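Here's the structure we're looking at; comments come further down.
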Amino acid sequence: MNLIREIWQSIVRRDPLSTDKGKSELVFLNVWLHIHPAKVKKENLKFRHTFYLGFITFFLFLILLTTGIALMVYYRPYPPQAYQDMKDLQYVVFMGPFLRNMHRWAAHGMVICVFLHMCRVFYTGSYKKPRQFNWVIGVLLLLLTLGLSFTGYLLPWDQLAYWAITVGTNIGSYAPLVGGQVRELLLGGHSVGEGALLRFYVLHVAVLPSLMILLTIVHFWRVRKDGGLSRPVWKLKGKKEELVTIGAPAQTAALQAAAASKDKTYGLMEVVSGKPIFETVTPEEEEDTVFSYPYAFVREAVVLMATVTTIMTISLFLNAPLEELANPAKTPNPAKAPWYFLGLQELVSHSAFLGGVVAPALMVLLLLAIPYLDRNPSRNLADRKLILWLFTIFVVANLALIVVGTFFRGPGWALVPPWVHVVGGTE
Amino acid sequence: MERRLQQLFFALSLFALVLILAAGWQANTPSWKTYQRSFLQIEAQGEPNAVTKAAVLATPPEIHQVLLSGLQRVDRCTTCHLGVEDPTMKNAPEPFRYHAGLGPHVPSRFGCTICHGGQGLATDKEGAHGNVAFWPNPLLSRDYIRASCGRCHKEGEVPGVPELNEGRHLFETQGCRGCHKLDGVGGSIGPDLTGEGANRRSPDWLERHFLAPNAVSTGSAMPNFHFTKEQARDLTYYMLSLTNEEMGSYFSSVRLIPSPEYGRQLFVEKDCLACHAVGGAGAKTAPDLLGVTKRHSIEWLDEQLVNPELVYPGSSMPEYDLEANARKALVAYMATATPEDVQLVLSRKTRTMTPEDVAIEAGKQDFARFGCVGCHGTELQGGVANPNAQGGEVPSLLHVSDDYTKDEVIAIIRNGRVPPMDNAAGPAPPLYMPAWKHVLSDEDINRIADYLWSKQEKNKDAW
Amino acid sequence: MDRREFFKFSWGAVGIAALCSAVGVSLAAVVRFLMPSVFYEPPQNFKIGEPGDFPFGPPTFLVEEKIFVFRDRDKGFAVASAVCTHLGCTVAHFSSDQKFHCPCHGSVFAADGSVQHGPAPRALDWFEVTQARDGQLRVDKDKVVPPTYRLMV
């Protein structure tokens, strides 16, 4: 049985989890977990502060990766076969409908959650110094999420897909100077056809996921380096500022130099001089600090399971739509973009240039600029009334536009209240 | 709190297990498995002993699929319709009943949807029968299934489906091509009908349209041809067969069914009786054909039709450019030809035709085939409404010689003509005379002019 | 600086310039790579048939090519695009008002293609139509012409 212990210990090289050292080593000796700090403040774990939206979004992404790869086994990105493969997934592939539903509803969920996460980060002021650039990365991740959802939307090659992408790429072509060129590059031609399907497929399964993963890595890394997960600032005791100092601060004393021990192996983090980048913990705060294992991990696990089971439940009962085979000769009336672009389409229906180019460009630029435009260092809600109002108006306006585009626009884009007759859902 | 969270985690994990099991169960219990089990019960009943019964009942369920690359489809109907090729299932309840009368059109070679319509990719009842949203091709009702024969058998008669031939005949003689293109030939006033059977799968719409075009297509310029219900049905059959689909070479090779009836049609068309007789009835120049299939092999007869000189050097029998199935049809007719039938053919021949008669007859044929009758009428009476044209309708051609010389008429046929408008500010009249010089040869146009002139009525009250 | 430093600097500069150029050229190559050289779609330049195939009055709509072919008694042929300039839906032409209507967002174009109503940002394109050597009409969608352009046959 020594052999078994030997095998086990060759794989698991930490101390037992009953020891504090073991609990720490579980984190920093493990490649998958070492992005976590070994210890977190209790405040970092507050559900009602972050709602774990970042985690939910990430878990939804993991669901999308796995279900997406599974779907790739049965899908060919060429025009006549693509639709037939969707039918095969619906009728003959074992758990085909379930997998496809998981993928679709996780995608919609991820768009919603990434948006909610952004709102949460904004409302808790968690984009302020030193986290400004991480906010920018976050906005880029939001755009990637929308891009992934958009490229995936075309793949079923039904009427819904074909015309949504026709409308979507035409909105994009309004961008000055490069709009037409970018549209041609995306489509591999002048209109949506086999070239577009193949290029969107490459973007959807290879290019955009890679960018997403790369930026997610940066995003998580920066969260750590910026001081860990967001904490409710008004709950912090005594401290006026919780800004992080990078590098050695001027006022504190130099660390004591201790003689190196001969029978100890030092990890890199024990040898570097100067104050560590993350916040140090004062003795009072020590009580508020817990080991990541099990406190943080159990919460993450619960959120993971809750996300997965929610998507699974929805997927058991709600089917992703599949309309007729794409027909370039027949424009459905109305032809609607995917729901998250319907606000944009509503704007564009009033003015192509203002609504399709100026408004979205302004929105994205303003979003990116928020951490740099906001000169108020306070995270308290009471001190930030103006910007909170502005942002809330922005959010509500977007939602309203989407609601109008979804429920109040019928054939010919005429205003038709939903209780009359809504033609065409927007899944 | 931590304990609660751990419990929650385990509860959710359990829930996840339940959900994945539910998903698996959902995936593992499609309705077709139930049908297959019922079918196996029926099959097992016919087994002689318990051992074979058990073996049958133990057959694992699986989706049955026919891959038809030549027809560009995949049909899974036989997943539930398990008895279609099994004669012992004659009296089984649906969906297991044997499909009698298929001839060579067995599901394993043809699938099912090529004739019946529906959604072959589906594996549940409603989806497969095509009665679902977003599938534009539902099952054809019983009355119209035979129209699908015309999707492959595009020429000649189809035994048992006279409606197709009737429909085609009506199309060619009632002038449809005057406004509608079919396979590239025809007018541009109405929609191209080449793929009409692929776009329009509703027999009900088609029939109502033929009976009253404006009731179904509001504002259409198509006149009401006052078809009978049978004629409307015949035309509907023909329309449903125009699917313009690409088919593998095997399927396109059977465009023509080599039936004795078609052979007879060719026998009359090619005027074999000009030289041959059957049992004494006919001409004496060439050998009598009665019982010829007993004297010679089929291959010999076929070769005779291809290359008469090879078989009888010095023979004056012309080389007819007939394709393989047409020759098969002729030979099939030869096997059944009787002197009485031939007498019938002979009696229909009227006076011998002079070259002028031939020209006029050819002109008359062209006048019908290229759709002129659609506007100018089968009796040249005109009368089809043409709003805002002078006179308000397509003119009759019975008095055209009063106003034009023959050369002027030939020029009009060649170059087309736009009718003068009644009210110059109003909308353009929908109907006009197209230019035919690129479609018809000069010879054809002259013959049409000859035909028109042969029909001129001398106006008693001519000024 | 002395000679040694100068050469060190020069080679360094050349090296960096070379690297930047290499990167720049690679990027340009990538962009060119992504631009298709052939299109798997109906051609932009094509024949539509004999002049006699087209009626006067209401335009003929060609589905695949997405164009309207107008034929006027006095002025001749004109070809208009059937693709709405707003978001790419296919417009319909109604004889009752001689206008183009788009079903998607209600854009209305006048008989000459100019925008009358709705969110379309610019007029419908008119394409050059010429007569080929064999007498057939040829349309070139890469050549946009003013709405007054006509081809007399």
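The values are calculated or read from the model by the stated rules, or taken from the named source; none is laboratory data. The structure presented is a predicted model; accordingly, all values stated were derived computationally and were not measured. When we count neighbours, we look across all protein chains shown, and the Cβ atoms used for this are built from the backbone with ideal geometry, even at glycine.
Tabulated data
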quantity: Filtered residue count, the stretch B:31-85, keeping only those that are β-branched (Val, Ile, Thr) and either under 30 Å from B:Ser249 (Cα atoms) or assigned to a loop (DSSP other than H, G, I, E, B) (or both); calculated: 7
quantity: Looking only at the stretch B:114-126, and only at residues there that are of a type outside the set (A, V, I, L, M, F, W, C) and touching a helix residue (DSSP H, G or I) at 6+ places or on another chain (Cβ under 7 Å), the one that is farthest from the other protein chains (Cβ to nearest Cβ); calculated: B:His116
quantity: Test for C:Lys141: is it within 14 Å of chain B (Cβ to nearest Cβ) and either among the charged types (D, E, K, R) or closer than 30 Å to A:Leu198 by Cβ (or both); calculated: no
quantity: The stretch A:136-162 residues that are within 17 Å of A:Leu366 (Cα to Cα), paired with ones that are of a type in the set (Phe, Trp, Tyr) and surrounded by fewer than 22 Cβ atoms within 10 Å (Cβ to Cβ) (beta carbon under 8 Å, 6 or more apart); calculated: A:Leu142/A:Phe115
quantity: Residue check, A:Val420 at pLDDT 90 or above and more than 30 Å from C:Phe61 (Cα to Cα); calculated: no
quantity: Subset of the stretch A:324-343 that is of a type in the set (A, V, I, L, M) and within 14 Å of chain C (Cβ to nearest Cβ) - its residue that is surrounded by the fewest Cβ atoms within 10 Å (Cβ to Cβ); calculated: A:Ala329
quantity: Search result, residues across the stretch B:409-446 that are closer than 17 Å to B:Gly363 by Cα and of a type in the set (Asp, Glu); calculated: B:Asp442, B:Glu443, B:Asp444
quantity: Residue within the stretch C:59-79 that is of a type in the set (Gly, Ala, Ser), under 30 Å from A:Ala337 (Cβ atoms), more than 10 Å from chain B (Cβ to nearest Cβ) and in contact (Cβ under 8 Å) with a residue 40 or more places away in the chain present; calculated: no
quantity: Breaking point among (1) more than 16 Å from A:Ala196 (Cβ to Cβ); (2) within 13 Å of another protein chain (Cβ to nearest Cβ); (3) in contact with an Asp or Glu (Cβ under 7 Å, 6 or more places away or on another chain), for A:Pro176; calculated: (3)
quantity: Residue match in the stretch B:37-58 (condition: closer than 23 Å to A:Phe98 by Cα and loosely packed, with under 15 Cβ neighbours inside 10 Å); calculated: no
quantity: Scan of the stretch C:122-140 for residues that are crowded, with 17+ Cβ neighbours inside 10 Å and either small (Gly, Ala, Ser) or under 25 Å from A:Ala335 (Cβ atoms) (or both), ordered by number; calculated: C:Ala123, C:Leu124, C:Asp125, C:Trp126, C:Phe127
quantity: Residue check for B:Val18: assigned to a helix (DSSP H, G or I) and within 11 Å of chain A (Cβ to nearest Cβ); calculated: yes
quantity: Helices (runs of 4 or more DSSP H) contained entirely in the stretch B:153-223, each with at least 2 residues that are within 14 Å of another protein chain (Cβ to nearest Cβ) and surrounded by 15 or more Cβ atoms within 10 Å (Cβ to Cβ); calculated: B:196-199
quantity: Lone qualifier among B:Thr173, B:Thr194 - being out of contact with any helix residue (DSSP H, G or I) (no Cβ under 6 Å at 6 or more places or on another chain), under 27 Å from B:Tyr262 (Cα atoms) and among the hydroxyl-bearing types (Ser, Thr, Tyr); calculated: B:Thr194
quantity: Scan of the stretch A:358-396 for residues that are aromatic (Phe, Trp, Tyr), free of Cβ contacts under 8 Å to residues at least 40 places away in the same chain and surrounded by 12 or more Cβ atoms within 10 Å (Cβ to Cβ), ordered by number; calculated: A:Phe394
quantity: Single unsatisfied condition, A:Phe58 versus (1) assigned to a helix (DSSP H, G or I); (2) on the phi > 0 side of the Ramachandran plot; calculated: (2)
quantity: Matching residues, the stretch B:59-73, being buried (at least 17 other Cβ atoms within 10 Å of the Cβ) and closer than 18 Å to A:Phe94 by Cα; calculated: B:His64, B:Gln65
quantity: Yes/no for A:Ala320 being part of a loop (DSSP other than H, G, I, E, B), crowded, with 18+ Cβ neighbours inside 10 Å, in contact (Cβ under 8 Å) with a residue 40 or more places away in the chain and more than 13 Å from chain C (Cβ to nearest Cβ); calculated: yes
quantity: Among the residues listed as A:Arg231, A:Arg199, A:Arg183, the single one being crowded, with 19+ Cβ neighbours inside 10 Å and not in a helix (DSSP H, G or I); calculated: A:Arg231
quantity: Residue match in the stretch B:416-432 (condition: surrounded by 20 or more Cβ atoms within 10 Å (Cβ to Cβ), without any contact (Cβ under 8 Å) to a residue 40 or more places away in the chain and more than 10 Å from every other protein chain (Cβ to nearest Cβ)); calculated: no
quantity: Residue match in the stretch C:96-112 (condition: in contact (Cβ under 8 Å) with a residue 24 or more places away in the chain, small (Gly, Ala, Ser) and in the same structural domain as C:Pro51 (by TED's automatic domain parsing)); calculated: no
quantity: Long-range neighbours under 7 Å by Cβ, at least six apart or interchain, first residue within 17 Å of A:Pro294 (Cα to Cα) within the stretch A:1-19, second at pLDDT 90 or above and not in a helix (DSSP H, G or I); calculated: A:Arg14/A:Leu29
quantity: Cβ-Cβ under 8 Å pairs, at least 6 apart or on other chains, the stretch B:8-32 side over 19 Å from A:Phe98 (Cβ atoms), far side among the small types (Gly, Ala, Ser) and part of a helix (DSSP H, G or I); calculated: B:Phe9/A:Ala301
quantity: Condition met for A:Leu116 (surrounded by fewer than 19 Cβ atoms within 10 Å (Cβ to Cβ), within 27 Å of A:Arg379 (Cβ to Cβ), modelled with pLDDT of 95 or more and more than 14 Å from every other protein chain (Cβ to nearest Cβ)); calculated: yes
quantity: Some residue of the stretch A:113-133 being closer than 21 Å to A:Leu318 by Cα, touching a Leu at 6+ places or on another chain (Cβ under 9 Å) and part of a helix (DSSP H, G or I); calculated: yes
quantity: Odd one out for A:Asn134, checked against (1) polar (S, T, N, Q); (2) farther than 30 Å from B:Ile20 by Cα; (3) at pLDDT below 95; calculated: (3)
quantity: Residue match in the stretch A:105-116 (condition: touching a residue at least 60 places away in the same chain (Cβ under 8 Å) and aromatic (Phe, Trp, Tyr)); calculated: yes
quantity: Hey, B:Asn244 within 14 Å of chain C (Cβ to nearest Cβ), at positive phi and polar (S, T, N, Q) or not; calculated: yes
quantity: Condition broken by C:Pro55, with the remaining ones in (1) within 25 Å of the chain's Cα centre (by Cα); (2) at the interface with another protein chain (Cβ under 9 Å from one of its Cβ atoms) satisfied; calculated: (1)
